[in-house]
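**Student:** Have a look at the structure that comes next, please.
The numbers here are math on the coordinates, done by the rules we state, and not lab data. Keep in mind it's a predicted model, so treat the numbers as computed, not measured. Quick reminder, even Gly has a Cβ in these numbers, built from the backbone with ideal geometry, and neighbours come from all protein chains shown.
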């Protein structure tokens, strides 16, 4: 995959993740994500772009972990006493 | 190498506030977000992990329910399951479907597909029955390892750590066997959008209750479904003495 398509795939993935973000205003989060990507749209240095992709991937992993933890805690509260 | 069968149930999403129907016949399901039962996600993850470790040759997901259950199966396929089987039962029949019927269907499919291991969630978060795994093992006369918090493959069998009251129990079992997943077994992976799209190419076989030869006549009747009692409002006491006397009155301290 080219760097360009990796960035697009990452953007789409984060937008998809944000759909179920536990907030009152999902749209706001999605716009914030769009802005964060748009801010660096003129970046041309492949090395810097690579760093940004790594950061984006880290953020998406964090969101996934947040969802997993939220669900785990909900289950634990409902079904376990300890 | 073995073939693994996992069960997935479509339930009301865990984050949704449940509302009881005004006529007390059940809970409101129309227009409510549904997703895969969290414990089934754990079961699917465990089966997919086995495949990745080359301990399983194929993972098959089975879902029993209305047409929308296909979406839930799709999620399982996106997580890495190879193919799906959907036994379609909808409307009134599905509302009255009990673990006794489901377990017979699982047993039939496991035999037809020559599965060596069945992995199920320990219970569904909608009816909280916690019976399907145990009943399936009974129908097939296979060993059961329920409430698994760790599963390890040994020569010709499994070593399973079970969650029991006040601790853990380690058991070994031969294959074929039925395992049910407890909360701490693993952390399920996220079904990404590209994977859900790719999963649309994976096959889902559609069957009916008659195809598997299971009589789905209801064995029970729902009399009434009601909200849990609302928590009573607390009260503020002026000093410790009143608190103690009130606690004594209620029988909390002697």
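**Student:** When you scan the range B:195-209, do you find a residue that is assigned to a helix (DSSP H, G or I) and out of contact with any helix residue (DSSP H, G or I) (no Cβ under 8 Å at 6 or more places or on another chain), even just one?
**Tutor:** As a first pass, look at the range B:195-209 and keep what is assigned to a helix (DSSP H, G or I): B:195-199.
Keeping just the survivors that are out of contact with any helix residue (DSSP H, G or I) (no Cβ under 8 Å at 6 or more places or on another chain) gives B:197.
Yes; the residues of the range B:195-209 include at least one that is assigned to a helix (DSSP H, G or I) and out of contact with any helix residue (DSSP H, G or I) (no Cβ under 8 Å at 6 or more places or on another chain).
**Student:** Go through (1) in contact with a helix residue (DSSP H, G or I) (Cβ under 6 Å, 6 or more places away or on another chain); (2) under 20 Å from residue B:146 (Cα atoms) and name the single condition residue B:64 misses.
**Tutor:** (2)
**Student:** Okay, moving on. Do you know which of the residues in the range B:212-249 that are in contact with a helix residue (DSSP H, G or I) (Cβ under 9 Å, 6 or more places away or on another chain) and surrounded by 13 or more Cβ atoms within 10 Å (Cβ to Cβ) is nearest to residue B:62 (Cα to Cα)?
**Tutor:** B:212
**Student:** With the condition kept exactly as written, say whether any residue in the range B:188-206 is within 22 Å of the chain's Cα centre (by Cα), surrounded by 13 or more Cβ atoms within 10 Å (Cβ to Cβ) and under 22 Å from residue B:114 (Cβ atoms).
**Tutor:** yes
**Student:** State all residues of the range B:22-52 that are in a loop (DSSP other than H, G, I, E, B) and either touching a strand residue (DSSP E or B) at 6+ places or on another chain (Cβ under 7 Å) or within 14 Å of chain A (Cβ to nearest Cβ) (or both); if no residue qualifies, say none.
**Tutor:** B:29, B:32, B:33, B:37
**Student:** Kindly list the number of the only condition in (1) more than 14 Å from chain A (Cβ to nearest Cβ); (2) assigned to a loop (DSSP other than H, G, I, E, B); (3) more than 22 Å from residue B:48 (Cα to Cα); (4) touching a residue at least 40 places away in the same chain (Cβ under 8 Å) that fails for residue B:115.
**Tutor:** (3)
**Student:** Just for the range A:17-37: of the residues that are touching a residue at least 40 places away in the same chain (Cβ under 8 Å) and in a helix (DSSP H, G or I), which one is surrounded by the fewest Cβ atoms within 10 Å (Cβ to Cβ)?
**Tutor:** For the range A:17-37, the residue satisfying everything is A:18.
**Student:** Give me a count of the residues in the range B:164-214 that are away from every other protein chain (no Cβ under 14 Å), farther than 30 Å from residue A:9 by Cα and free of Cβ contacts under 8 Å to residues at least 40 places away in the same chain.
**Tutor:** The first filter runs over the range B:164-214 and keeps only residues away from every other protein chain (no Cβ under 14 Å), leaving B:169-179, B:199-214.
Adding the requirement that they be farther than 30 Å from residue A:9 by Cα leaves B:169-179, B:205-214.
In the following step, the residues that additionally are free of Cβ contacts under 8 Å to residues at least 40 places away in the same chain were identified as B:169-174, B:210.
Total meeting the criteria: 7.
A quick yes/no check of all residues on (1) out of contact with any helix residue (DSSP H, G or I) (no Cβ under 9 Å at 6 or more places or on another chain); (2) outside any strand (DSSP E or B); (3) loosely packed, with under 15 Cβ neighbours inside 10 Å:
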| position | (1), (2), (3) |
| --- | --- |
| B:123 | no, yes, no |
| B:158 | yes, no, no |
| B:171 | yes, no, yes |
| B:180 | no, no, no |
| B:183 | no, yes, no |
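**Student:** Going through the range A:70-82 one residue at a time, which ones are facing chain B (nearest Cβ under 9 Å) and part of a helix (DSSP H, G or I)? Break it down stepwise before answering.
**Tutor:** Keep residues of the range A:70-82 that are facing chain B (nearest Cβ under 9 Å), which gives A:70-72, A:74-76, A:78-80.
Answer for the range A:70-82, where residues must be facing chain B (nearest Cβ under 9 Å) and part of a helix (DSSP H, G or I): A:70, A:71, A:72, A:74, A:75, A:76, A:78, A:79.
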